[in-house]
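Taking it in order: structure first as structure tokens, then the write-up.
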Amino acid sequence: MRNKIGLLLIGLYLMYQLLPEQPGFIDGLQQIRGYKNWSGFALFLLVLAQWSVSVYRGVFNASGPNLEKAYQLHYWIGSLAPLVFFIHSPKPDYGMLLLLAILFFSNSLLGIVLQHPSVVRRGVIKQVGIGIHVLASTVILALILLHIWTVFSFN
Ligand code: HEM
Ligand code: HEM
């Protein structure tokens, strides 16, 4: 169920990119500065929440059912993330922010593949996959910080 929702949202986002023109009201919302800033802030909080599972495991030594619960939350938030991404940025067009969007969606897709039961048993493949997922998440976080810095220094 969760995987299907995640894949559906990613698919819808990609299909939306094929529209030649955005519907007027979405375009209108995107022109509002406060809207862009607050939706960006919400998306930023979501990405930080995705990192909390690392802190929970690494700093607080969580394990067992508690860690499992934290991962379940991670999968759910990650699966719904395309929706929040859409609210902030329905149609990234070029440059670094387009790269950020591509990385973000590829990484979510990788996450969905990694927590699928058929991958769980394949030890090495899963470990490499998680390594890439964490590395990509680090690059994504760096690009986001750069993006926020750019927004507030040049606009
Ligand atoms: C406090 C956090 C954030 C603020 C204030 C913010 C603000 C903005 C603003 C003002 C723009 C319009 C472009 C510009 O004028 O430079 C923009 C574009 C964009 N943002 Fe953010 N943002 C934030 C967080 C994020 C996060 C976390 C992501 C991705 C995970 C993201 C992805 C994008 C993308 C892909 C665009 C480009 C396409 C477009 O203009 O819609 N932003 N953001
Ligand atoms: C939205 C952006 C996402 C970010 C920034 C992100 C970030 C991370 C980070 C930092 C870890 C390492 C956690 C740790 O230290 O144990 C991780 C692990 C993981 N994430 Fe994500 N993630 C995202 C989305 C997703 C999605 C959508 C899924 C799947 C539905 C997913 C599935 C996983 C899996 C399977 C692991 C490995 C869990 C394990 O060690 O068993 N992630 N993610």
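None of the figures in this text is laboratory data; all of them are computed from the coordinates on show. Note that the structure is a prediction, hence the values are computed from the model and not measured. Here the Cβ is made from the backbone with ideal geometry for all residues, glycine too, and neighbour counts use every protein chain on show.
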If each DSSP helix of 4+ residues adds -39,500 (n - 2.57) and the sum is divided by the residues in the chain, what number results at 222 nm, nearest 500 deg cm²/dmol?
-28500 deg cm²/dmol
Picking from G129, G11, G58, which is most flexible by a Gaussian network model of the chain using Cα springs under 10 Å?
G58
Summarise the long-distance tail of P(r) for the chain by giving the % of C-alpha pairs beyond 24 Å.
37 percent
Lysine pairs in the chain with Cα distance under 22 Å, only those 8 or more apart or on different chains: how many are there?
4
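Using the number of other C-beta atoms within 10 angstrom as an exposure proxy, rank M15, M96 with the fewest first.
Fewest-to-most ranking of M15, M96: M15, M96.
Give me the number: length gained by fully extending R33 to M15, i.e. 0.36 nm times residue separation minus the C-alpha to C-alpha distance, one decimal in nm.
The R33-M15 span can extend by a further 3.9 nm.
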So which chymotrypsin sites (Phe, Trp or Tyr not before Pro) in the range 17-81 are both in a DSSP loop and have at most 12 other Cβ atoms within 10 Å of their Cβ?
F60
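When every alpha-carbon pair in the range 93-132 is counted, what percent end up more than 11 Å apart?
Value for the range 93-132: 64 percent of Cα pairs lie more than 11 Å apart.
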Pairing the Cα long axis of helix 123-154 with the longest principal axis of the chain, what angle in degrees results, from 0 to 90 and rounded to the nearest 10?
30 degrees
